[in-house]
Each structure stands twice: as structure tokens, then as C-alpha cells.
Amino acid sequence: MAMMPGLAACCVDAAGITAPSPCRTRAPPRRAASFRQRMITAAAMTAPEKAEVLRSLDGWAESNLLPLLKPVERSWQPHDLLPDSSSPGFREAVDELRARAREIPDDYYVCLVGNMVTEEALPTYHAALNSFVGYDSPSSADAWARWSRGWTAEENRHGDLLNRYLYLCGRVDVRRVEQTIHHLIAAGMQLAADGCPYRGFIYTAFQERATAISHGNTARRAAALGDASLARVCGAIAGDERRHEAAYTRVVAELFQRTPDAAMRALGYMMRERILMPAHHMFDGRDAELFRHYAAVAQGLGVYTTADYAGLVEFFVERWGVAGLGHGLTGEGRRAQEYVCRLPERVRRMDARRRHTQLQRVPFSWVFDRQVELQL
């Protein structure tokens with residue numbers, strides 16, 4: 001994905017950003033409900049009611065989402081960006097690809113593998129997307145179902161493209177990478193949406209923008225390292241992710257227009273509960289902290305950073321008009337609004353503290369147990 005690799009889960013948790021201290025109720029004194037409990041019990045709309053709002057937007061989705069999907073005939077395919085296996089010059093083209101790959105450092109390949117592993121867990125993301133609106137029929141003709149299938153078809157090319165490139169380049173332990181994909185799909189993902197489609201679409205909007213940033217940065221890094229072909233591979237994926245981000249951002253913007261308090265509470269909930277990365281459960285059979293180590297390499301290389309996450313929150317605050325919401329917000333909605341608007345600065349303060357940590361070298365099975373420098 002689809003949904004991003006990276007540091008957002010680490011950012012908010014490590015920053016020590018927690019809910020306000022519990023208040024006290026009047027006699028008899030007792031602890032008030034936690035923020036999580038209050039966000040659930042005080043919500044004006046139930047998850048089924050929110051799903052019904054989304055289903056009522058089928059005509060809106062027809063006009064605003066489906067045009068963002070490209071026709072198959074106009075879409076790039078992995079074959080277009082890799083050596084042509086039917087060509088007489090296939091072996092020479094692969095030799096050239098591998099020669100360029102030898103000049104690229106291991107930390108880059110750790111990031112590229114992490115991106116690819118995340119993309120390959122697409123079956124999990126497809127199931128999650130369908131659950132947001134409550135559709136599970138593979139033949140449904142409504143706009144949401146067609147969007148889900150079309151989005152999945154476009155996303156499917158991402159893992160295929162990166163997987164084939166990594167197979168050809170000779171720089172990674174392909175079997176260990178395949179085991180990591182197997183583990184991740186089997187493990188599923190931890191999504192703090194609790195059956196709420198508003199939270200689910202907020203999560204997906206964040207993931208798509210972050211993924212676009214990550215793939216865009218790997219493209220720029222490949223170009224800087226002299227591999228224009230690899231830059232085109234990563235850039236093609238980043239372009240898709242930007243279109244997909246636009247789609248999910250539109251969905252959430254429409255929810256803010258129609259039901260601002262419910263949308264604001266959902267955003268506040270997701271920011272406090274953490275946007276936990278879909279690849280958080282990645283495991284290669286050896287390193288129990290593989291995601292943490294991979295995210296630290298991405299941070300150090302500038303592929304996806306804490307600063308990116310802070311900027312991402314700011315982008316959505318502006319795009320969804322969060323700071324300007326007033327009329328229609330309950331007390332809970334206003335508290336969520338205040339928290340979200342202050343979050344980017346808190347994340348940046350955490351980033352400043354992180355810079356004082358020491359560098360370490362950690363072996364990655366993906367690159368044949370060679371050690372890569374990172375900062376934890």
C-alpha cells in the first residue's frame with residue numbers, strides 16, 4: 001500500500017504524548033473513564049451509523065473516487081519497468097541492472113525491502129478496506145465496491161514490481177524476504193479503528209500519503225546514487241500512491257463536511273491511539289524487533305522520518321480544515337481538535353530528543369546478515 005512503512009507509530013508513542021490526567025467525578029469520588037472509553041461512549045454516532053453515512057455516499061464516490069482510477073490500458077505494468085524476459089538482450093539487461101545495484105549501499109536495500117514487504121501484505125489491506133463500509137461481495141456493482149477492487153488492482157502492481165526487481169538485482173536474500181512476507185500476511189495488522197469506518201478511512205489517508213513520501217524518497221535517493229532505472233521503479237509507485245492519497249483524503253474531507261463532530265472525534269482518537277504501521281508485525285524468523293530496526297534505518301537515510309510525520313499531520317489539519325472547526329463540535333470534539341492541532345510540535349520536540357541517541361550497527365537477514373548503521 002499501500003499503507004506506509006515508517007515511523008508514525010514510533011513517533012507518537014515515543015514522544016510520551018498521553019491523554020490528559022483523569023478528572024474526578026462528584027460524590028462518590030471515582031476515576032473518570034479513560035480517553036479511549038470516553039471517545040467510544042460519548043460518541044454521537046455508532047459505527048453502524050457511520051457505515052450508513054458512507055453507504056449513502058455511493059453517488060458521491062462514483063463522481064469523486066472512481067475517476068482517480070486509471071484504465072488498465074493506460075496503466076503501467078511491472079513488465080514495462082524491468083528487463084524484457086522475452087528479449088534476446090534480456091541477460092545483458094539484467095547484467096546491467098545488477099552492475100548498478102552493486103553500487104547501492106545496504107541501508108538503501110533495507111528500506112526498499114521494507115517498502116516491498118509492506119506492499120506485499122495487500123490481502124490484509126483489501127479485507128480491511130472492505131470492512132470499513134461493510135461490503136464483502138466480490139461481484140457488487142456499487143461505487144465503493146468498484147473502488148475497492150480497482151484500488152487493490154492498482155496496488156497489486158507495487159509489490160510485484162519491487163519483488164521482481166529485488167529478485168533480479170542479486171543484493172538481497174530472497175528467501176528470507178519471502179519468509180518475512182509470509183509472516184506478515186499471516187500475522188495480520190493491528191488497526192485501532194474498533195469497527196469505526198471513519199477511523200478506518202483516516203488511517204488509510206495517513207498511510208497513503210506516508211507511503212507516497214517513502215517511495216518518492218527512495219526514488220530520489222536512487223537517482224542520486226546514479227540508478228535512473230530504479231528511480232523510475234520507485235517513482236511509478238509513488239505516483240500511484242499520490243492518487244490514492246487524494247482519494248482517501250477526499251473521503252475524510254467529505255465526512256468532515258457532513259458530520260464534523262464525529263469526524264473530529266475519529267481523528268483525535270486515531271492520533272491518540274497511534275497510527276500503527278501495517279508492517280508493525282513484520283518478522284523474518286530471527287529479529288523480534290525487525291520493524292523498529294527497519295524504521296530506524298528509514299529515519300537515518302531520510303526515506304521516512306519523524307519530521308515527515310509531523311508534516312503529514314499538519315497537511316491533514318489544513319486540508320480538512322481542522323483548526324477552523326467550531327460550530328457543531330461538542331466538548332469532546334473540541335478537545336480532540338486541540339490535541340490534534342498541537343501534535344506536530346510535540347512530535348518535533350520528540351525528534352529533537354531522539355537526535356542525541358547513539359549510533360548502533362544491527363545485522364539484517366535481508367542483506368545476508370550484513371550490519372547496517374542505525375540510531376535507536
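None of the figures in this text is laboratory data; all of them are computed from the coordinates on show. These numbers were taken from a predicted model, which means no experiment stands behind them. Heads up, the Cβs are rebuilt from the backbone with ideal geometry, glycines too, and the neighbour counts pull from every protein chain shown.
Per-structure values
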quantity	calculated
Listed residues Pro138, Ala153, His244: farthest to the positive end of the dipole of the chain (Cβ charges)	His244
Val372 long-range amide H proximity, modeled H, under 5 Å	Val362, Phe364
Stretch in the chain that is longest and holds no trypsin sites (Lys or Arg not before Pro) that DSSP places in a loop and that have at most 15 other beta carbons within 10 Å	103-285
Span-like helix ranges in the chain, DSSP H, alpha carbon extent 30 angstrom or more, Kyte mean at least -0.5	197-224, 228-258
Distance from region 214-234 to region 173-189 (C-alpha centre basis), Å	24
Dipole magnitude (debye, nearest 20) for the chain, charges at Cβ of Lys, Arg, Asp, Glu	1560
Residue-averaged [θ]222 nm for the chain, counting only DSSP H segments that reach four residues, each worth -39500 (n - 2.57)	-20500 deg cm²/dmol
Sequence-separation-based contact order of the chain, relative, with Cα cut under 8 Å and 6+ spacing, percent	27
